[in-house]
């Protein structure tokens, strides 16, 4: 019994160190909640390469929410090989999604969408329709 105290103590210290390191690593992969988004819309690029444009909420949480979502649909005319990009409002799909709940671990980066940018202007035009 007497010789067990030190190994138990070392085990408790090891567990505490692992939990502390895990918390540090987790915090390094999350965005601080104090991060201010200065434009109405943000571009969110996911690790699978997909990009969505919308109003990002709950930034800094494990599951941020994107509302008023748009994406760019690219089509190629097989005869002329001309590429056409169209901004599409998400929600017209068969399942009619209203919001996107994102896994923060799959967000590659977030950028502001300037109201004067091409995407910003296309969103404003789409909202008028």
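Out of (1) surrounded by 10 or more Cβ atoms within 10 Å (Cβ to Cβ); (2) more than 18 Å from the chain's Cα centre (by Cα); (3) on the phi > 0 side of the Ramachandran plot, the odd one out for residue 68 is which?
Status for residue 68: all satisfied but (2).
Run down 121, 92 and say which single residue is over 17 Å from residue 43 (Cα atoms) and either at pLDDT 90 or above or out of contact with any strand residue (DSSP E or B) (no Cβ under 6 Å at 6 or more places or on another chain) (or both). First the steps, then the outcome.
Values: 121 fails: over 17 Å from residue 43 (Cα atoms).
Criteria check complete, one pass: 92.
Name the residues in the range 51-88 that are in a strand (DSSP E or B) and over 22 Å from residue 106 (Cβ atoms), would you? Walk me through it before giving the result.
So in the range 51-88, the residues in a strand (DSSP E or B) come out as 51-57, 65-76, 83-88.
Within the range 51-88, 75, 76, 83, 84, 85, 86, 87 qualify.
Quick check on the range 33-45. Is at least one of its residues modelled with pLDDT of 95 or more and in contact with a helix residue (DSSP H, G or I) (Cβ under 9 Å, 6 or more places away or on another chain)?
From the range 33-45, those modelled with pLDDT of 95 or more are 41-45; that's our starting set.
If we keep only those that are in contact with a helix residue (DSSP H, G or I) (Cβ under 9 Å, 6 or more places away or on another chain) too, we end up with 41, 43.
Yes, the range 33-45 contains at least one residue that is modelled with pLDDT of 95 or more and in contact with a helix residue (DSSP H, G or I) (Cβ under 9 Å, 6 or more places away or on another chain).
Would you please name the residue that is nearest to the chain's Cα centre (by Cα), looking only at residues in the range 102-129 that are surrounded by 12 or more Cβ atoms within 10 Å (Cβ to Cβ) and part of a strand (DSSP E or B)?
107
The values are calculated or read from the model by the stated rules, or taken from the named source; none is laboratory data. Keep in mind that this is a model prediction, so the values were computed, not measured. Backbone-built Cβ (ideal geometry, glycine too); neighbour counts: all protein chains shown.
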